[in-house]
Structures are given as C-alpha cells and as structure tokens.
C-alpha cells in the first residue's frame, strides 16, 4: 500500500470515528474487562451477528476464529493491546491499519457500522475468554 492510500485510509478512519461520535453520546464507562468503552458500541444480537460474520470473513485468517491469535495475528481475545485497548483505538486500528505491520486498513472495504460491530464482537470474544479461563481455573482447583 502506498503513502497516499494510507493517508486516505487514515482520513477515512478519522471521518468515520467523527461520525460515530456524532451518532451518539460518548461513553466513558469501564466494561467487564477494565477496558474503556469511550464510544458507543452496539450490544444487540443483530450487531454481534454481523460483527462475527465480518470478523470471520476479514479477521480470522490472521487472528483465528476464536480471536486467540495465530502465527501472523495478535491475540484479540486478550485484554490489552499494543496499539490501545480503548474502543476508539481498536476501531482506528481496524479502519486505518498499522503501518509496517501485517495489519491492513479496512475503512475502504467495511462501513463504519461494520467496524463498530467487529469491535463489539471483539469485546464478546474477550468476555468469552474470561469465562473460559475462569472455568478452567475452577476445574484446576
């Protein structure tokens, strides 16, 4: 990807984030994982289903279907990320990608709603992993 494409991707990411913030009040709450949801994240079943579908189609090749990471993608079912754990930072990473990494930009191929749904699904994967880990700890005692 050339510099102008990355610049356009970053611009699109900024615009879509601005639209997301304009669409509803910014939330400054902590979710169950101690990670800040600093923008409205959809929680309805249809949004999660769409987020799962988009994740499986666009993200699971590198991050694996369960979000636990693969040979070329980081673990998304974890709780802290190198490029930021706030919802807006996850959104920006998906939209604009990260230069000099394998993480590409998706703002030109996914709508802002689809990216928000993916963020919601990533939050779901985190919750699922926490429950799975707690069950494993309970069985180990």
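Some notes on this structure:
- Count of residues meeting criterion [in a helix (DSSP H, G or I), more than 8 Å from the chain's Cα centre (by Cα) and touching a residue at least 40 places away in the same chain (Cβ under 8 Å)] in segment 89-112: 4
- The residues of segment 40-80 that are over 19 Å from residue 104 (Cβ atoms) and at pLDDT 90 or above, listed by number, are 40, 41, 42, 43, 44, 45, 46, 47, 48, 49, 50, 52.
The values are calculated or read from the model by the stated rules, or taken from the named source; none is laboratory data. Quick caveat, the model's predicted, so the values are computed rather than measured. Glycine gets a Cβ as well: all are built from the backbone with ideal geometry, and neighbour counts include every protein chain shown.
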